[in-house]
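The structure appears below as structure tokens.
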Amino acid sequence: MRRLLDKLRAVPHLFAKLMVLWCVICGTAASAWALRILSHTGHDPAALLGVILAFFGGELLLMCLKTVLGGKGKPPD
């Protein structure tokens, strides 16, 4: 157990990597669900899919902006 915890702590940017993976998986699942709704009912779920994908895209954008605008840069000479 201790070795696993040490290995996980050694992975750089683990939270960011997991967040990107989570957003991609959820976006893919939402797209498959929307296609299933379209094929079974004939109703167009584009608006709902747009809102769901915008939410996950916004999460990724906020994480990217946090990294870009973060204060952990090289100190000036």
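The values are calculated or read from the model by the stated rules, or taken from the named source; none is laboratory data. As the structure is a prediction and not an experimental result, all values here were calculated from the model. Cβ atoms come from the backbone with ideal geometry, glycine included; neighbour counts cover every protein chain shown. We work out accessible area using only protein heavy atoms, side chains counted, and drop any ligands, DNA or RNA first. Shrake-Rupley method; radii C 1.70, N 1.55, O 1.52, S 1.80 Å.
Quick grid of which residues meet (1) surrounded by 11 or more Cβ atoms within 10 Å (Cβ to Cβ); (2) part of a helix (DSSP H, G or I); (3) in contact with a Cys (Cβ under 8 Å, 6 or more places away or on another chain); (4) not charged (D, E, K, R):
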residue	(1), (2), (3), (4)
Met19	yes, yes, no, yes
Ala30	yes, yes, no, yes
Ala34	yes, yes, no, yes
Ser39	no, yes, no, yes
His43	no, no, no, yes
Gly50	yes, yes, no, yes
Glu59	yes, yes, yes, no
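For beta carbons closer than 8 Å, sequence separation of 6+ or different chains, a first residue in the stretch 1-18 that is closer than 27 Å to Phe56 by Cβ and a second that is in a helix (DSSP H, G or I) and open to solvent by less than 80 Å² (accessible area, probe 1.4 Å), the qualifying pairs are Leu8/Leu14; Ala16/Met63. Restricted to the stretch 1-17, and to residues there that are within 17 Å of Leu65 (Cα to Cα) and open to solvent by 80 Å² or more (accessible area, probe 1.4 Å), the residue that is modelled with the lowest pLDDT is His13.
Lys66 meets the stated requirement of being charged (D, E, K, R), surrounded by 10 or more Cβ atoms within 10 Å (Cβ to Cβ) and either at pLDDT below 95 or not in a helix (DSSP H, G or I) (or both).
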